[in-house]
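This report refers to the structure that appears directly beneath it.
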Amino acid sequence: MQKIKRKEEKEMEKQNKRNRKLDIFLKVVTFIYVVITLIFYISVIKLDLLPGIYVTIFTIAEIFFTLAMSIGILKEHKTPRINLICLGIVLLLSVIYIFVTNYTLATGDFLDNVFQETAQTEEYYLVVKKDKQYEKIEDVKNKEVYLFQAPDDAKQEVENKVNIKLRKQNSLTDLGKKLMGNKVEVIFISSVQYDILGEEIENFKNNTKILYTAQHEIKKTEKENDGSSYSVKNGIFNVYISGIDTSGSITNVARSDANIIATINTNTHEVLLTSIPRDYYVTLHSYGAKDKLTHTGIYGVNETVKTIEDLLDTDIDYYVRVNFTTVIKLVDTLGGIEVESDYNFSTVNDANTKTYTFQKGKNHLNGEEALAFSRERNSFADGDNQRVKNQQKVIEGIIKKVLNSNTILTKYTSILNSLEGSFQTNIKQEEISTLVKGQLNNMSSWTIKNNSLTGTGVNNPTYSMGSQLLYTMVPNATSVAEAKQKIKDIMEK
């Protein structure tokens, strides 16, 4: 009898140990669940994308559910199954919260990095022919150095490094040809001018070398409404979207290869995308001279914005810049996109080392192919007008792929990573929050309309290239007038 009693006592002791261990386990699980829930809650609130009523509902729901699940796990119930059910729910929620927290933290980091306007910079090069004996800046001491256009600070930096005599020329192309023809020995040009000469003069880059690089910072100007009543706060505004022709740092000035004005009315849920050909012959806002629209980017994004404001007689308070790197990385991250081509055509990359062929109808494109598809114009009788349409097709293909539910779930953080460093804007983070909150408060669908400006191809001199005749597109007055009216119609509803 005594043996049986000792045996029962031992069994009870073992059971008590198991109960204590289970109790400790449940307390640890509950503590971890509460910590995960707290981190999840903070990460969501910190994004500041939820309207006030949503924050209130979300807060109450989280407090109530967390308390209910914690009590459900820790309290002794007549039916142990309740503890197990609560435990299962908590484990599942913890996994979901970790998953969502990862997304919110990635979004927060992206927003913090992207919505900080940075100053634009430009590099200026001292360039000589490769067959010359010059290897460093000191080798051109006391030489005459020829330039077309350069800011004072870039010129001063070079003159502080070495004693030279700067001489101005009236044509960028003539300047490059004189260097290649040994009529001048040293030239001083910007990185964009260097790229332009590489396109205008055969083997220019292959036969030249850079001795020194000077830095020029374009003064950052704060967004100004200039008396405009349009803004994110009021729900009606314009955004200039620029696709720049560079693969380097997004802060570098560059020609604007794609130019789109997004007119947004959040009250009527309408968006109008107005595309302007890159070679549109416009009047530079700050210089009063004629040039291609693409060349306005050389003088900074604010010059482009002001020039387009003059052209379309509207206010543009926001801009977004993306470069070629953005397109390639984003499309590849998405696993490619589908576009519908209007023609069979082929094109080559800038280095003439790769040919891309597109069929009329549906095409599946990777990043490089999407970029080539959106840049080509020489293959079409309609030139720039067709290129604008193809750029819109690529944008449409990206939007469709991004909005695919599987893509969002599996590649969300990768998409954000692909955009970082290749995206620049003066839109403030709090303004993005305002837009998101407004959409959550009113989940109406959006109507998206497209419009493209047209013109006629004519060779003209340009401010950025001097007397050299270049292909330009003279605006069609009717097309411009219709675009003005369509923008006005959206903004005044």
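Determine, yes or no, whether LEU172 is in contact with a Gly (Cβ under 8 Å, 6 or more places away or on another chain) and either among the hydrophobic types (A, V, I, L, M, F, W, C) or surrounded by fewer than 18 Cβ atoms within 10 Å (Cβ to Cβ) (or both).
Yes: the conditions hold for LEU172.
Okay, residues lined up against (1) touching a Gly at 6+ places or on another chain (Cβ under 7 Å); (2) surrounded by 18 or more Cβ atoms within 10 Å (Cβ to Cβ); (3) closer than 30 Å to TYR33 by Cβ:
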| residue | (1), (2), (3) |
| --- | --- |
| THR79 | no, no, yes |
| CYS86 | yes, yes, yes |
| PHE99 | no, no, yes |
| GLU138 | no, no, no |
| ASP153 | no, no, no |
| LEU166 | no, no, no |
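Residues are listed down the side, and each one gets a yes or a no for (1) within 20 Å of SER249 (Cα to Cα); (2) touching a helix residue (DSSP H, G or I) at 6+ places or on another chain (Cβ under 8 Å); (3) in a strand (DSSP E or B); (4) in contact (Cβ under 8 Å) with a residue 12 or more places away in the chain:
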{"site": "SER275", "(1), (2), (3), (4)": "no, yes, yes, yes"}
{"site": "VAL282", "(1), (2), (3), (4)": "no, yes, yes, yes"}
{"site": "ASP291", "(1), (2), (3), (4)": "no, no, yes, yes"}
{"site": "GLY297", "(1), (2), (3), (4)": "yes, yes, no, yes"}
{"site": "THR304", "(1), (2), (3), (4)": "yes, yes, no, yes"}
{"site": "GLU309", "(1), (2), (3), (4)": "no, no, no, yes"}
{"site": "THR314", "(1), (2), (3), (4)": "no, yes, no, yes"}
{"site": "VAL320", "(1), (2), (3), (4)": "yes, no, yes, yes"}
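Taking the range 57-71, which residues are in contact with a helix residue (DSSP H, G or I) (Cβ under 6 Å, 6 or more places away or on another chain) and either farther than 20 Å from ILE32 by Cβ or small (Gly, Ala, Ser) (or both)? Spell out how you get there, then give the answer.
We begin by selecting, within the range 57-71, every residue in contact with a helix residue (DSSP H, G or I) (Cβ under 6 Å, 6 or more places away or on another chain); these are 62, 66, 69-70.
Result: SER70, single match.
Can you tell me which residue in the range 263-273 is farthest from VAL474 (Cα to Cα), limited to those that are part of a strand (DSSP E or B) and open to solvent by 10 Å² or more (accessible area, probe 1.4 Å)?
Residue satisfying both the conditions and the ranking: GLU270.
Can you report the number of residues in the range 332-361 which are surrounded by 14 or more Cβ atoms within 10 Å (Cβ to Cβ) and β-branched (Val, Ile, Thr)?
Summing the residues that are surrounded by 14 or more Cβ atoms within 10 Å (Cβ to Cβ) and β-branched (Val, Ile, Thr) in the range 332-361 gives 4.
Open to solvent by less than 30 Å² (accessible area, probe 1.4 Å), modelled with pLDDT under 90 and within 34 Å of the chain's Cα centre (by Cα): is that true of VAL114 in this structure?
Judged against the criteria, VAL114 is a match.
The values are calculated or read from the model by the stated rules, or taken from the named source; none is laboratory data. If you're wondering where the values come from, they're calculated on a predicted model, not measured in any experiment. Note that we place each Cβ from the backbone using ideal geometry, even for glycine, and neighbour counts take in every protein chain shown. Heavy atoms of the whole protein, side chains included, go into the accessibility calculation; ligands, DNA and RNA do not. Shrake-Rupley method; radii C 1.70, N 1.55, O 1.52, S 1.80 Å.
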